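Single-structure report; data block below.
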Amino acid sequence: MKINLNRFRVTAPGKFKLSAHPANYTARMKSKEDAKADLEANVKSMAEMQDMMYAHDKWGLLILFQAMDAAGKDGAIKHVMSGVNPQGTQVFSFKVPSAEELDHDYLWRYTKALPERGRIGIFNRSYYEEVLVVKVHNLLEAEKLPDPVLKDDIWKNRYAQIRNFEKYLNDNGIKVLKFFLNVSKDEQKRRFLERIDNPAKNWKFSSSDLKERGYWDQYQKAYEEAIANTSTKYAPWHIIPADKKWFARLVISEIITEKLKELKVHYPVISDEHRQNLAGYKEALMAEE
Ligand code: ATP
Ligand code: MG
């Protein structure tokens, strides 16, 4: 089934409202089974294109995931990237910054982790935390910024810095794909309860999850503002309905496949000289005792 991907893309950021994006949307698909064949086909074509992208060695692709806890970031990364060659991909998960990281400008640790040409880099959380958790909990103090910086309209400045950073990446051949996994508050509660009730999932639940849930509205507001201010032509946000994990994975795989197709990656074209040499090498091999 063909899904209209445009409905997930934020193309009119000025009018962006998170409430206009239902978390339980499934394009009239009923179950995981309805998505299975398309997801598998996408996983296969992503693997093929990523192999070519690696050989082509010109484009890079940064895919970043942001979401509330238990929205399914980890599972989406695991399933969607299951077919690609580990050699051509890398995943970085960003947690609370270390003392060393806090000693630098805020983009430092993210720029260090950017994908090389030919690779797909995945950010599980990203520099967007710098206008989300840092804003919701007012963590600027720990970032040791000098007073004149703090006095400015810091969030507005950071949105602009992030837009510029993504433009810079885009113009250098590193494309940026941004996914917000939009889970509802009810579904998050259900998933937390499951993590508490199921011993195999106990490790996934921490008390901080409940604490952060207490800031649900502040986070939604921070997300809405960040998305409205950083959705651009070259790096639009995608709002992925995440109450049904199988649907979220399908849509993410569709969007990544679409992006890779756009890049028109191909195996390097070899020169006539190299082709002629190959014939010579073959002869030499065949002539071995
Ligand atoms: P999961 O819970 O599925 O394992 P996670 O991404 O939530 O994945 P955690 O270790 O639970 O991982 O949480 C990481 C925490 O680090 C999050 O609460 C996030 O907000 C916080 N964090 C990430 N970047 C920053 C930052 N720049 N400043 C402060 N906190 C940050
Ligand atoms: Mg967590």
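Summed over segment 246-285, residues that are within 26 Å of T26 (Cβ to Cβ) and either outside any helix (DSSP H, G or I) or not hydroxyl-bearing (S, T, Y) (or both) total 15. For G72, the conditions (1) at positive phi; (2) at pLDDT below 95 are fulfilled apart from (2). When each of K167, K221, K233, K204 is tested for being within 16 Å of H21 (Cα to Cα) and open to solvent by 40 Å² or more (accessible area, probe 1.4 Å), the lone residue that passes is K221. Any residue at all in segment 125-144 that's within 27 Å of S45 (Cα to Cα) and within 16 Å of ligand 2 (Cβ to nearest atom)? Within segment 125-144 (the criterion being within 27 Å of S45 (Cα to Cα) and within 16 Å of ligand 2 (Cβ to nearest atom)), the answer is yes, since at least one residue qualifies.
Filter segment 87-110 down to the residues that are in contact (Cβ under 8 Å) with a residue 24 or more places away in the chain and either under 13 Å from Q66 (Cβ atoms) or more than 10 Å from ligand 1 (Cβ to nearest atom) (or both) and list them by number. Q87, G88, T89, Q90, V91, F92, S93, F94, D103, L107, listed by residue number. Across segment 15-27, the qualifying residues are those that are open to solvent by 30 Å² or more (accessible area, probe 1.4 Å) and at pLDDT 95 or above, and the one among them that is farthest from A248 (Cα to Cα) is K17.
If you go through segment 69-78 one residue at a time, do you hit one that is closer than 22 Å to E258 by Cα and free of Cβ contacts under 8 Å to residues at least 40 places away in the same chain?
Of all residues in segment 69-78, those closer than 22 Å to E258 by Cα come to 72-78.
Next cut, free of Cβ contacts under 8 Å to residues at least 40 places away in the same chain only: 78.
Yes, there is a match, as at least one residue in segment 69-78 is closer than 22 Å to E258 by Cα and free of Cβ contacts under 8 Å to residues at least 40 places away in the same chain.
G118 meets all of the listed conditions (1) within 16 Å of ligand 2 (Cβ to nearest atom); (2) touching a His at 6+ places or on another chain (Cβ under 7 Å) but one, namely (1). Looking at segment 42-124, the strands (runs of 3 or more DSSP E) lying wholly inside it that each contain 2 or more residues that are surrounded by 22 or more Cβ atoms within 10 Å (Cβ to Cβ) sit at 60-67, 120-124. Against the conditions (1) within 9 Å of ligand 1 (Cβ to nearest atom); (2) open to solvent by 30 Å² or more (accessible area, probe 1.4 Å), N138 satisfies every one except (1). In segment 168-189, what residues are polar (S, T, N, Q) and within 19 Å of the chain's Cα centre (by Cα)? Within segment 168-189, N170, N172, N182 meet the criteria. Considering N182, N198, which residue is of a type outside the set (F, W, Y) and touching a His at 6+ places or on another chain (Cβ under 8 Å)? Unique residue meeting the criteria: N182. Do we find a residue being under 18 Å from the mean Cα position of the chain (by Cα) and surrounded by 12 or more Cβ atoms within 10 Å (Cβ to Cβ) anywhere in segment 263-279? Checked against the condition, which is being under 18 Å from the mean Cα position of the chain (by Cα) and surrounded by 12 or more Cβ atoms within 10 Å (Cβ to Cβ), segment 263-279 yields at least one hit. In the set (1) in contact with a helix residue (DSSP H, G or I) (Cβ under 7 Å, 6 or more places away or on another chain); (2) among the basic types (K, R); (3) surrounded by 19 or more Cβ atoms within 10 Å (Cβ to Cβ), the condition left unmet by K244 is number (1).
The listed residues are S98, S93, and the only one of them that is in contact with a Lys or Arg (Cβ under 8 Å, 6 or more places away or on another chain), within 27 Å of Y215 (Cβ to Cβ) and of a type in the set (S, T, N, Q) turns out to be S93. No other residue among W216, W246, W237 is within 16 Å of ligand 1 (Cβ to nearest atom) and modelled with pLDDT of 95 or more apart from W216.
Out of (1) surrounded by 12 or more Cβ atoms within 10 Å (Cβ to Cβ); (2) free of Cβ contacts under 8 Å to residues at least 24 places away in the same chain, the odd one out for K2 is which? Tallying (1) surrounded by 12 or more Cβ atoms within 10 Å (Cβ to Cβ); (2) free of Cβ contacts under 8 Å to residues at least 24 places away in the same chain, K2 fails exactly one: (1).
The values are calculated or read from the model by the stated rules, or taken from the named source; none is laboratory data. Because the structure is predicted, anything quoted here is derived from the model rather than measured. All Cβ positions, even for glycine, are placed from backbone atoms using ideal geometry, and neighbour counts span all protein chains on display. Just so you know, the surface numbers come from the protein's heavy atoms only, side chains and all, with ligands and any DNA or RNA stripped out. Shrake-Rupley method; radii C 1.70, N 1.55, O 1.52, S 1.80 Å.
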